[in-house]
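The values are calculated or read from the model by the stated rules, or taken from the named source; none is laboratory data. Just so it is clear, the structure is predicted and the values come from calculations on it, not from any experiment. Ideal geometry is used to build each Cβ from the backbone, glycine not excepted, and the neighbour counts take in all protein chains shown. Side chains are part of the model used for accessible areas, which takes the heavy atoms of the whole protein and leaves out ligands, DNA and RNA. Shrake-Rupley method; radii C 1.70, N 1.55, O 1.52, S 1.80 Å.
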Amino acid sequence: VAWAGTQIRRYREHLYAMRPLAEPPRDWRIDAWNGAPINLPAACGRLWLEPVDADAAGGVEGALAVSFRHGGERLRPAGDRHTRELRDLMQQAGIPPWRRGRLPLVWLDGELVAVGDHWRSDQAEAWLAQHRVRLCWSGDA
């Protein structure tokens, strides 16, 4: 239900009153992200890499890519033995459907390694530790 700048949505027996959300562009992508702060389109938040200590390097030479969901993406969360569909991970985590397409996906060498600040793969954990940075996402506005 929507009216004059407000939407009411229901998910898992809860009601959410919110302003209307713009859909992120499906074709939006950054192919050579160096970790500098990105203001994501459609007010989907801000994404950046943050040094974990004063000796950590500043940039990562555009090794990562960032996009939004297209559907069918899979990730093996750190410490998990199995690759899982993002759809299943998001349902199990209770992420409302209208937020699922707004989570930034981070790719390393063509492989999905992180989903917002919700999941990272073992490969992402190792890469972040090697570069002494942490992945930060402010969440959608």
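Here are the numbers for the structure shown:
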read-out	value
Helix 122-131 axis, angle to the chain major axis (alpha carbon atoms, nearest 10°)	60
Heavy-atom accessible area per residue - the chain, 1.4 Å, Å²	56
Apportionment of accessible area to carbon and sulfur, the chain, percent (1.4 Å)	48
Förster radius 25 Å - calculated FRET efficiency between Ala126 and Arg26, Cβ distance, rounded to 0.05	0.25
Candidates Arg100, Arg81, Arg29: whichever shows maximal mean-square fluctuation once the chain is modelled as a Gaussian network with Cα springs under 10 Å	Arg81
Label point at Asp53 placed 7 Å out along Cα→Cβ; residues across the stretch 117-141 whose backbone nitrogen lies under 11 Å	132
Relative packing of 66-76, 117-127, which averages over residues the other C-beta atoms within 10 Å, highest first	117-127, 66-76
For the chain, calculated [θ]222 nm from helices alone, where every DSSP H run of n ≥ 4 adds -39500 (n - 2.57)	-4000 deg cm²/dmol
